[in-house]
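Trainee: The following block contains the structure, expressed as structure tokens.
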Amino acid sequence: MTGKGAKPREKASGTSEHIQMDALAYSSRMLHWPPLGKLLLVISVLVVNIMTDSVITAFAVMALGLILMAYSTNMRIPFILGVFIAEAILILIIACGIISINGDTSQPCIWSADFLWMDFYMTSDSFNEAWLVMIRAIAGITMMMAFATSTPIPHLAQALRQIRIPDEICEIVVLIYRYAFLLLERLDTMWSAASSRLGFSGFRRTMRTTASIAVGIFTSSMNLADKAQVSLECRGYRGYFPIWNRPKKAGVGWVAIAVVTFVLLYILGTHTEGVIDFAGIVFGV
């Protein structure tokens, strides 16, 4: 019970994150941009990002993504999405670290070490490649975030129909998006219940509790799917989600924007390969 004038505690569950994501997308300044045009622009930028070995191009893509995110939502990101991004960046750091220490042994070494049965061998090329992969990946994340935070899922499904994607696939995309947040809500409930029962006191108990929650989520997913299906049918679901305010269709202008952006970034990449040498900056070699 809350006191007079006190605000009720907001439930930190998958449903609230779902509401935050929808509210963020529908309040975006880029909402009225054609979703197919935004998708075409993002795909063209992501393709050119991996076609050249220029770090300058990767930085340009990252800057473009950050500008679009700032314009779209003022850099607001829901908590659960921020957690996923942090996990992705952590995985990237580990993966790029592995790339940097697995250099070609025929090239000059800038750092080497032995640990147990593993031999670490870092070269200038492997170090520079690791940084290139890292910046490329983060640039791609920013572009995808700009698209995700400005495009509601029903608008994306409508855009997929415009390029002749079957209706069944479009509706599956929407249903998976909705169902994922139901699973997050169930995960939050089970996690809170386990925490209140000291299920995370100690390393061994934490591992056991985490495994039990994972199994519980898996076994209850079918039951949750059945309940979700009944809820959809009670609300008149007939195999598609109607859209009353249909998004704009992408015209020739959006195709031209995507092509011009692709060409400019590609030219920039072909003329700036090897301009930044991270190995020389860090190790002076």
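Trainee: Full extension from Arg205 to Phe84: what is 0.36 nm times the residue separation minus their Cα-Cα distance, to one decimal in nm?
Mentor: Working: separation 121, 0.36 × 121 = 43.56 nm, distance 2.46 nm.
Net length gain for the segment: 41.1 nm.
Trainee: Charges at C-beta only: +1 for Lys and Arg, -1 for Asp and Glu. How large is the resulting dipole of the range 71-175 about its Cα centre, in Debye rounded to 20?
Mentor: Dipole of the range 71-175, to the nearest 20 debye: 520 debye.
Trainee: What figure, in Å² to the nearest 10, do you get for the accessible area of Glu233 with a 1.4 Å probe and non-protein molecules left out?
Mentor: Rounded to the nearest 10, that gives 100 Å².
Trainee: Report, to the nearest whole %, how much of the accessible area of the range 14-283 belongs to carbon and sulfur atoms, 1.4 Å probe, protein only.
Mentor: On the way: 10820 of 15730 Å².
Ligands and nucleic acids excluded, carbon and sulfur give 69 percent.
Trainee: Another question, then. Return the loop-located trypsin sites (Lys or Arg not before Pro) in the range 128-175 (DSSP other than H, G, I, E, B) with at most 10 other Cβ atoms within 10 Å of their own Cβ; answer none if there are none.
Mentor: On the way: sites: Arg136, Arg161, Arg164; in loops: Arg164.
Hits after loop and neighbour filter: Arg164.
Trainee: Enumerate by residue number the chymotrypsin sites (Phe, Trp or Tyr not before Pro) in the range 97-139 meeting two conditions: DSSP loop (anything except H, G, I, E, B), and at most 12 other Cβ atoms within 10 Å of the site's Cβ.
Mentor: Numbers: sites: Trp111, Phe115, Trp117, Phe120, Tyr121, Phe127, Trp131; in loops: Trp117.
For chymotrypsin sites (Phe, Trp or Tyr not before Pro) across the range 97-139 that sit outside H, G, I, E and B with at most 12 neighbouring Cβ atoms in 10 Å, the list reads Trp117.
Trainee: Between Leu198 and Met51, what FRET efficiency comes out of the Förster formula 1/(1 + (r/R0)^6) with R0 = 41 Å and r the beta carbon distance, rounded to 0.05?
Mentor: Working from the Cβ atoms, E equals 0.20.
Trainee: Tell me, what is the FRET efficiency for Asp125 and Ile94 to the nearest 0.05, using R0 = 25 angstrom and their Cβ-Cβ distance as r? Mind showing how you got there, number by number?
Mentor: Working: r = 20 Å, r/R0 = 0.79.
That pair, Asp125 with Ile94, gives E of 0.80.
Trainee: Once both labels are modelled 7 Å past Cα along the beta-carbon direction, what's the Leu66-Arg238 spacing in nm?
Mentor: That separation, rounded to one decimal, is 4.9 nm.
Trainee: Quick check: pseudo-label points 7 Å beyond the Cα along Cα→Cβ at Leu268 and His32, how many nm apart are they?
Mentor: It is 2.8 nm.
Trainee: Same structure again: Which whole-Hz ³J(HN,Hα) couplings does the range 145-150 yield from phi under the Karplus relation 6.51 cos²θ - 1.76 cosθ + 1.60, θ = phi - 60°, glycine and proline marked x?
Mentor: For the range 145-150, the Karplus-derived couplings read 5, 4, 6, 5, 7, 10 Hz, x marking Gly and Pro.
Trainee: Here is a further query. How much length is gained if the chain between Ser106 and Phe283 is pulled fully straight, taking 0.36 nm per residue apart and subtracting their Cα-Cα distance, in nm to one decimal?
Mentor: Roughly 61.8 nm would be gained on extension.
Trainee: What span do the alpha-carbon atoms of the range 47-110 cover on each of the three principal axes, reported in whole Å from largest to smallest?
Mentor: 49, 25, 20
Trainee: For Tyr26, tell me the accessible area in Å² from a 1.4 Å probe, rounded to the nearest 10.
Mentor: Looks like 110 Å² after rounding.
Trainee: Can you give me the convex hull volume of the Cα atoms of the range 162-246, divided per residue and expressed in Å³?
Mentor: That works out to 137 Å³ per residue.
Trainee: Then there is this: To the nearest Å, what is the center-to-center distance of the range 179-223 and the range 140-163, using C-alpha atoms only?
Mentor: Spelled out, the Cα-based centre of one part sits 31 Å from the other.
Trainee: Over the chain, with a Gaussian network built from C-alpha contacts below 10 Å, which listed residue (Phe147, Phe181, Phe84) shows the highest mean-square fluctuation?
Mentor: The residue that fluctuates most here is Phe84.
Trainee: Restricting attention to the alpha-carbon atoms of the chain, what are Rg (one decimal) and Dmax (integer), both in Å?
Mentor: 23.4, 74
Trainee: Hey, another quick one. Which whole-number percent is the relative contact order of the chain (Cα, under 8 Å, 6+ apart)?
Mentor: 36 percent
Trainee: Output ³J(HN,Hα) for the range 164-177: one whole-Hz value per residue in order, computed from phi by the Karplus curve 6.51 cos²θ - 1.76 cosθ + 1.60 with θ = phi - 60°, and x for Gly and Pro.
Mentor: 6, 6, x, 4, 4, 5, 4, 6, 5, 4, 5, 5, 4, 4
Trainee: Per DSSP helix of 4 or more residues, -39500 (n - 2.57); summed, then divided by the residues of the chain. What does that give at 222 nm, rounded to the nearest 500?
Mentor: So the helix-based figure for the chain works out to -23500 deg cm²/dmol.
Trainee: Separate question: Which ³J(HN,Hα) values in Hz, rounded to whole numbers, follow from the phi angles of the range 200-216 under the Karplus curve 6.51 cos²θ - 1.76 cosθ + 1.60, where θ = phi - 60° and Gly and Pro get x?
Mentor: My calculation for the range 200-216 gives 10, 8, x, 5, 5, 5, 4, 5, 5, 5, 4, 5, 5, 5, 4, 5, x Hz in order.
The values are calculated or read from the model by the stated rules, or taken from the named source; none is laboratory data. The model shown is predicted, which means the values in this text are computed figures rather than measured ones. Virtual Cβ from ideal backbone geometry, glycine too; neighbours counted across all protein chains shown. What goes into the accessible areas is simple: the full protein's heavy atoms, side chains included, and nothing from ligands, DNA or RNA. Shrake-Rupley method; radii C 1.70, N 1.55, O 1.52, S 1.80 Å.
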